[in-house]
Amino acid sequence: MPSALFAAGAFLGLLTHVEAHPTASDWTYPPACCKGDHSTGDCQAIPGRDVSKGRHGFTVVLHPGDHHLVTKKQRFLIPYGDEIPSGDNDYHICLHPTEEHMNCFFAPPDGV
């Protein structure tokens, strides 16, 4: 029985590794946010100029080139409290299942 538990745990560990990938600054996106790898993943750092703070939350305006999945201008409103602390001083966004859908948004610790 212990070997079956070990095998199940190892399998789950592999699934987590496959679904999430590290950022350029070497922290890893949560598996629930990111699907794929560096080239096919839906999470990526975005320029700070794309993010502004308003009364109710963050506004993110992405243009083609700001994220590898973006082909046309996209605008997202992320209410305060829905952001996830980033592991570096950059903003990151995960777009899934399409570029029109924001799955996760990461803000630097001083981003709020």
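Computed values, structure above
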item: Answer from D42, D66, D26 - the residue that is modelled with pLDDT of 75 or more, within 14 Å of the chain's Cα centre (by Cα) and surrounded by fewer than 12 Cβ atoms within 10 Å (Cβ to Cβ); result: D26
item: Count - residues of region 92-112 that are farther than 15 Å from C34 by Cα and assigned to a strand (DSSP E or B); result: 1
item: Tabulated pairs, region 46-67, first without any contact (Cβ under 8 Å) to a residue 24 or more places away in the chain, second assigned to a helix (DSSP H, G or I) and surrounded by 13 or more Cβ atoms within 10 Å (Cβ to Cβ), C-beta under 6 angstrom, 6+ apart or interchain; result: V61/D50; D66/D50
item: Number of positions in region 42-96 that are within 17 Å of S25 (Cβ to Cβ) and among the polar types (S, T, N, Q); result: 3
item: Pairs where the first residue, in region 90-106, is touching a residue at least 60 places away in the same chain (Cβ under 8 Å) and the second is surrounded by 22 or more Cβ atoms within 10 Å (Cβ to Cβ) and assigned to a loop (DSSP other than H, G, I, E, B), C-beta under 6 Å, 6+ apart; result: C94/C34; C94/D42; H96/D42
item: Criterion violated by T71 - all others in (1) closer than 23 Å to P22 by Cβ; (2) at pLDDT 95 or above; (3) over 11 Å from the mean Cα position of the chain (by Cα) satisfied; result: (1)
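The values are calculated or read from the model by the stated rules, or taken from the named source; none is laboratory data. Everything numeric in this text was worked out from a predicted model, so none of it was measured. All Cβ positions, glycine included, derive from the backbone under ideal geometry; neighbour counts span all protein chains shown.
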